[in-house]
Structures are given as C-alpha cells and as structure tokens.
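> Before anything else, here's the structure in question.
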Amino acid sequence: MTPEDIPVLPRGVRCGDDRVRGLRVLLGPERVLMLDQIGDAVLRRVNGTDTIRTISEDLARTFCAPRAQVEADVIEYLADLAEKRMVERANG
Amino acid sequence: MADLPLAMLAELTHRCPLACPYCSNPQELTGRDAELSTAQWADIFRQAADLGVLQLHLSGGEPASRRDLLELVTAAREAGLYTNLITSGIGLTPARLEALDAAGLDHIQLSVQGVRAELADRIGGYAGGFDRKMHVADHIARLGFPLTLNAVMHRENLDDLPATLDMALRLGARRIEIACVQFQGWALANRAALQPSRDQVARAKELVRAASARLKGQLVIDFVPPDYYSDFPKACMNGWGSTGLNIAPDGTVLPCHAAQTIPHLTFENATARPLAEIWHDSAAFNAYRGTDWLPELCQSCDRRDVDFGGCRCQAMAVLGDPGAPDPVCRKSPGRAVLDDLLSQETVDIAPPDFVYRR
C-alpha cells in the first residue's frame, strides 16, 4: 500500500452497526472485527475513489493530527486488512 | 451475565446427496418431516440478530436440498445478518445462484472432497459429483461471489495439499480452510480410515507455513490441525456458550454441533422458548459455560483461559466423561487413551474401508 493507492472493501466485506453491542463492526468471511473510533473513521472514508493520501489528509484535518503520521498509520492499518483480504486496491 | 453470541450455524436440513465418511452430522439424522418451516427459520434469524448474532452460517446436510433456500437467505439478510452458505454445490443451478446473488448472499463456502474426480467421488459416495461441483464453482466465480474452499483433509488426501491450494487459486477463492477431520458424528465410525499419520501431519504443517507466507494477500489459509497430534486441546467453540450456537434441523438449540452426544444434557427447542432465554438460562448452555465447572487439573493450569479445558464432546467420545479434561491435553490422564487409539489406528497397514451412512 502506498499513498497513491485507492483502497476499497471487496465484495463480501462490509461495515455495519452492531446495534446490540452499540459498536461499529467490519464483517467478512468468518471474520468479525470490532472497530474502534479510528478504525471506523478510516473505513468510512474507504470508498473506492479516494487515495490513501486524500483519506489521510481528511483525517489529519478532522482530528488535528500531523498528516505524515496519520498517513503512515492508515497505510499500516489498511495493509494489515489487505493481508487478510478484507481490503483491496481499486487501482489494481 | 454470559457473553452474547456472534455467530450462529443453522443446520437447515440433514438431507444431503453426498455421504462423506467424515460427516460431522450426528449418527442419527433428523428426518425431513421434522424440519422447521420457512417462517420458523425466519423467526429464529430475527431472534438471533436481536440477541447479538452478526454472522449466520447456513449449513446442513446440504442446504441447497431445501427448496426454500432463496426465501431463507432473503429472511436472513432482512434480519441484518452476514449470510454465509456452506455447501457441496450439488443442487445449486446457475438460476438458483443468480437468485441468491440478487437476494444478497454474502459469501459461499464450497466443500471439496478431493482434487481428482476419482477420489472426490469415492469420498463423497456420489458419482459425477466432482464434475458438477466444478461447474458450480465456475458459476460462483462468474457471479463474483466471495468464495472460501473448505477442504476436509485426512489420511487419503492430505498428501494432495499442494494441488488443493492450486485448486483454490484456480477457482479464484480468497480463502481456504484446510480442515483436518475432527472426530465427531459419523467421522467417529471411520476414524481408523481417516486418521493421517504423524509424518503426513508434519509435512502438511510445513507446507501450510510456507504457502501462507508465499500467498500472503492473495489467499488466506486457515489450518485446522488434526488435534489428536496436538499437545494441547483446541479452544472448542471458543468456550462453551460464549460466542456461538447451533440450530439443528428441527429447531433444537445446541452449544455446538456435537453436543447431543452428551447424554446427561437436555436441549430446548427454539420453537418452544425464546432463543435469548435458551442462550442465557437453559441448563445445557450453562453446563460447561465459563471455567467454574473445570476439574482441578484445569483450574490450576496456566492455559485455563486459553482453551477452557478443550472439547466436551471429545472428552465424551474418547473417555465417556464429558466433564474430563480434553484427552488431547498432554497433562491429562486421558492422553494415554488417545495415544493408544493413535498407535492402534495408524499402524503401517492398509486402512479399513469407509463405512458409509447408506
């Protein structure tokens, strides 16, 4: 994953509300990930159109955090999900 | 207060065109006349979602043997559940797959009995099954369904592991379960024929380790080892009554699919009592919940909260005592019984023939 990559949730992976526990979750084949506030904020911006750079700039503005640090964290987070095949690169 | 379940396995039917010798369904199957109706299943799906279940696994038997499979998937999605179909593929025509696609089925888990028609059809006890399955797999890929291959491995096919991984890649699967047979249900009748050798298991573990690294980001490999060769038991169901439940074809609510082998437990039916009450309050779900019930050997063990004493049904099947530590555990007195079984059943002679249900 690089700043120019465009992440997307592949078919069969989706975010949702766990209304019983009051959490956001990421659901995929045999996987349930409980999302914290940061994970939810990242994945809400994963739309198959925006690059990791654009997503990170938006997050940095929203949370008043340094852009470079945010970008590194976003790449690490999404690369980990990509290894589990829960995120793909829309740009191939 | 107990945790809430995340996943529910719905055994829609015990009917199945295949007759795999390792079938995990009970030795006594539930007949078609006793199966729940479409409306009864839909009600259970809604109750499950209200209780906290997020993922639903539609299984069997062969779930495609239910003529109302489409209605059941629709009901599951309307209840808000992530819906997974666990199937042999037999009975899934292109038209049915397209309808399931439109209904929002999230994921398909396709079983494979072997990578060669001759072996696969002998294992499944169904001539022509392999070719039909490969056609179904093509349609699954054409429709873009996320696919997991579920490869049940044993003495006769564990050496085909590399070809099995190749098949997963060829069919476009994102994930493969290399699931070595667990000895419950009908599989117990074929244990000696199915138990792999220690050498086979060692080679398989090394292959899986290398393939997992090589295929990182391309194919997710989940490996379920044959636990008779493990030193410590599996954390069965991640703890009894902690994260999952199972509904039998007639609506009986079970803490795991083999729980009915434990003779002193009685199980309640989802058509007679609300699912939430059965989960929280029934004697069967509370029998082995948590760790308070564990014997002293497990209470004082540093793995108490790792494996919760292992599998109750395995303690029942091997030792006849569902309250004993899982005999897989090296620290348990039951391990000697398991080692005796292993040395009797994996001697270097031709394995016995499979015993089929029919």
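The values are calculated or read from the model by the stated rules, or taken from the named source; none is laboratory data. Nothing here was measured: the structure is a model prediction, and the numbers come from that model. In this analysis, Cβ positions are derived from the backbone assuming ideal geometry, glycine residues included, and neighbour counts consider all displayed protein chains. Accessible surface areas use protein heavy atoms only, side chains included; no ligands, DNA or RNA. Shrake-Rupley method; radii C 1.70, N 1.55, O 1.52, S 1.80 Å.
> Among the hydrophobic types (A, V, I, L, M, F, W, C) and either surrounded by fewer than 16 Cβ atoms within 10 Å (Cβ to Cβ) or within 14 Å of another protein chain (Cβ to nearest Cβ) (or both): which single residue out of A:A60, A:A82 fits that description?
Numbers: A:A60 fails: either surrounded by fewer than 16 Cβ atoms within 10 Å (Cβ to Cβ) or within 14 Å of another protein chain (Cβ to nearest Cβ) (or both).
Only one candidate passes the filter, namely A:A82.
> B:L85: of a type outside the set (V, I, T), open to solvent by less than 20 Å² (accessible area, probe 1.4 Å) and closer than 30 Å to A:D18 by Cα, yes or no? Walk me through how you get there before you give the answer.
Numbers: of a type outside the set (V, I, T): yes; open to solvent by less than 20 Å² (accessible area, probe 1.4 Å): yes; closer than 30 Å to A:D18 by Cα: yes.
Spelling it out, B:L85 is indeed of a type outside the set (V, I, T), open to solvent by less than 20 Å² (accessible area, probe 1.4 Å) and closer than 30 Å to A:D18 by Cα.
> Among B:D250, B:D305, which is assigned to a helix (DSSP H, G or I) and either touching a Lys or Arg at 6+ places or on another chain (Cβ under 7 Å) or open to solvent by 10 Å² or more (accessible area, probe 1.4 Å) (or both)?
On the way: B:D250 fails: assigned to a helix (DSSP H, G or I).
Answer to the selection: B:D305.
> Just checking, how many residues over the stretch A:7-32 are open to solvent by 50 Å² or more (accessible area, probe 1.4 Å), part of a strand (DSSP E or B) and of a type outside the set (K, R)?
Of the residues in that region, 2 qualify.
> Somewhere in the stretch B:37-48, is a residue open to solvent by less than 40 Å² (accessible area, probe 1.4 Å) and within 13 Å of chain A (Cβ to nearest Cβ)?
Initially, the stretch B:37-48 is screened for residues open to solvent by less than 40 Å² (accessible area, probe 1.4 Å), giving B:41-42, B:44-45, B:48.
Keeping just the survivors that are within 13 Å of chain A (Cβ to nearest Cβ) gives B:48.
Yes, there is a match, as at least one residue in the stretch B:37-48 is open to solvent by less than 40 Å² (accessible area, probe 1.4 Å) and within 13 Å of chain A (Cβ to nearest Cβ).
> Report whether or not B:S197 is away from chain A (no Cβ under 14 Å), at negative phi, open to solvent by 20 Å² or more (accessible area, probe 1.4 Å) and over 20 Å from the mean Cα position of the chain (by Cα).
Working: away from chain A (no Cβ under 14 Å): yes; at negative phi: yes; open to solvent by 20 Å² or more (accessible area, probe 1.4 Å): yes; over 20 Å from the mean Cα position of the chain (by Cα): yes.
Yes.
> Sticking with this structure for a sec: Pairs needed: first member in the stretch B:213-229, facing chain A (nearest Cβ under 8 Å) and free of Cβ contacts under 8 Å to residues at least 60 places away in the same chain; second member anywhere, open to solvent by 40 Å² or more (accessible area, probe 1.4 Å) and outside any loop (DSSP other than H, G, I, E, B); C-beta distance under 6 Å; at least 6 residues apart or different chains.
B:K216/A:E83; B:G217/A:E83
> For the stretch A:29-57, name all the residues that are within 14 Å of chain B (Cβ to nearest Cβ) and either charged (D, E, K, R) or in contact with a helix residue (DSSP H, G or I) (Cβ under 9 Å, 6 or more places away or on another chain) (or both). Write out each step before concluding.
Kept after step one, since they are within 14 Å of chain B (Cβ to nearest Cβ), are these residues of the stretch A:29-57: A:29-35.
Hits for the stretch A:29-57 are A:E30, A:R31, A:L33, A:L35.
> Scan the stretch B:68-85 and report the pairs whose first residue is over 9 Å from B:R46 (Cβ atoms) and whose second residue is among the hydroxyl-bearing types (S, T, Y) and surrounded by fewer than 24 Cβ atoms within 10 Å (Cβ to Cβ), with Cβ atoms within less than 8 Å and a gap of 6+ or a chain change.
Note: pairs meeting the criteria are B:D68/B:T38; B:E71/B:T38; B:L72/B:T38.
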